[in-house]
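**Q** Dumping the structure here so I can ask a few things about it.
The values are calculated or read from the model by the stated rules, or taken from the named source; none is laboratory data. What you see is a predicted model, and the numbers here were worked out from it, not measured in a lab. Reconstructed Cβ throughout: ideal geometry from the backbone, glycine too, with neighbour counts over all protein chains shown. Keep in mind that these areas ignore ligands, DNA and RNA; they rest on the heavy atoms of the full protein, side chains included. Shrake-Rupley method; radii C 1.70, N 1.55, O 1.52, S 1.80 Å.
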Amino acid sequence: VMAAVLALGCGKGTEPDAGLSASQAQDVADVIVTDADAMLDAGQVDPNTGIAVAPSIGRSAPPPCTPVISPNPPINSDADAVPDSARFDFTGCSFSRGNYAFVLSGVIDILDPTGAGSGFGIRAIFTGFTSVRTFVPTSRTVTTEFNGIRQLTGDANGLSELITDFHTDITLPARGTISHIKNWNASFTADTPGSIQPASPLPSGILNVAGTSTWARGNDERFSLTLTTSGLHFNASCTVAPRFDAGSSTAVVTRGDQTTTVLIEHTACGQYRVTRTNT
């Protein structure tokens, strides 16, 4: 999920109450689409291993390491796809993919929010779940850390996802750390009814996201954002991130007494254009 953030611009702060510069608007857009793309992974996590059943963009396969699971085996009192409560500790997980080296750490707690009820549901609590990705030829390293709660419920036709106080912290070389803290509601509707299966790669469909978030980098870049999407189409055949080939996201960014509208329009897999309007 980190492919989109590798092209972040310089984005230096100017004045605390100024509108966004073009590079800051691009930075905001890049992180938003990265976080939106990451929401899709929640729908294809294998609740018995804590690992996505489909490879993330930039990897040819899921991580070749097994987290420490407790309890092991997990208790599953209703014999559905999700254990009652299980902790997956990824500390010590490292592997290579082509020119990239990965190190994972931190824990994900997976719980069954539906209990013995019908339907699919998974509640994932991230605590210091960190991915360190290094491009070996240049030693360029990007670190992404997740903290917070994602809860997913749904059936074969669609999913609903709630993100509560979810922190994404991205550290880039010589750029410091960007912190994006979200409270988002999302829904996913499959293009083909009945095609969503638990612990399986998601089919193509429409992702709708709405909510608020805050952005911080250093002392000068602190924004409040309100996000909405329109026709944001996930293409399951995309091989580059973000995995959207149509639709748009609109972020209304408040910085002091200035407002900037950042429009993100997806034109093909991995491609989008950003339009900034300061008011």
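**Q** Per the 1.4 Å probe, what fraction of the accessible area of segment 211-279, in percent, lies on carbon and sulfur atoms?
**A** Numbers: 1410 of 3080 Å².
That share works out to 46 percent.
**Q** Here is a further query. Within the set of other residues whose C-beta is less than 12 Å from the C-beta of Asp112, count the net charge using Lys and Arg as +1 and Asp and Glu as -1. Write down the numbers at each step before the final one.
**A** Values: positive: Arg123; negative: Asp78, Asp80, Asp84, Asp109.
Combined, the nearby Lys, Arg, Asp and Glu give -3.
**Q** Could you please state how large a percent of the accessible area of segment 69-140 is carbon and sulfur, counting protein chains only and using a 1.4 Å probe?
**A** On the way: 1940 of 3480 Å².
Whole-percent figure for carbon plus sulfur exposure: 56.
**Q** Order Asp37, Asp220 by their accessible area, 1.4 angstrom probe, all chains in place, largest first.
**A** Ranking Asp37, Asp220 by accessible area, largest first, yields Asp220, Asp37.
**Q** Averaged per residue, what accessible surface does segment 139-242 expose to a 1.4 Å probe, in Å²? Show your work: numbers first, answer last.
**A** Values: 4320 Å² over 104 residues.
For segment 139-242, the per-residue accessible area is 42 Å².
**Q** On to the next question. Quick check: the distance between the Cα centres of segment 244-263 and segment 91-156, to the nearest angstrom?
**A** 27 Å
**Q** Something else: Could you please report the charge total around His266, scoring K, R as +1 and D, E as -1 over all other residues with beta-carbon less than 15 angstrom from its beta-carbon?
**A** Numbers: positive: Arg243, Arg273; negative: Asp30, Asp35, Asp37, Asp245, Glu265.
Residues close to His266 contribute a combined charge of -3.
**Q** Let me ask you something else. Averaging the inverse of every distinct alpha carbon separation and then flipping it gives the Kirkwood radius. What is it for segment 132-236, in angstrom units?
**A** Working: mean 1/r = 0.0632 Å⁻¹.
Evaluated on segment 132-236, it is 15.8 Å.
**Q** Please list, short to long, the whole-number percent of alpha-carbon pairs of segment 85-177 in consecutive 5 angstrom bins beginning at zero.
**A** P(r) for segment 85-177, in whole percents per bin: 3, 13, 17, 18, 16, 13, 11, 6, 3, 1, 0.
**Q** Over all distinct alpha-carbon pairs, what is the Kirkwood Rh of segment 207-253 in angstrom?
**A** Working: mean 1/r = 0.0818 Å⁻¹.
So the Kirkwood estimate lands at 12.2 Å.
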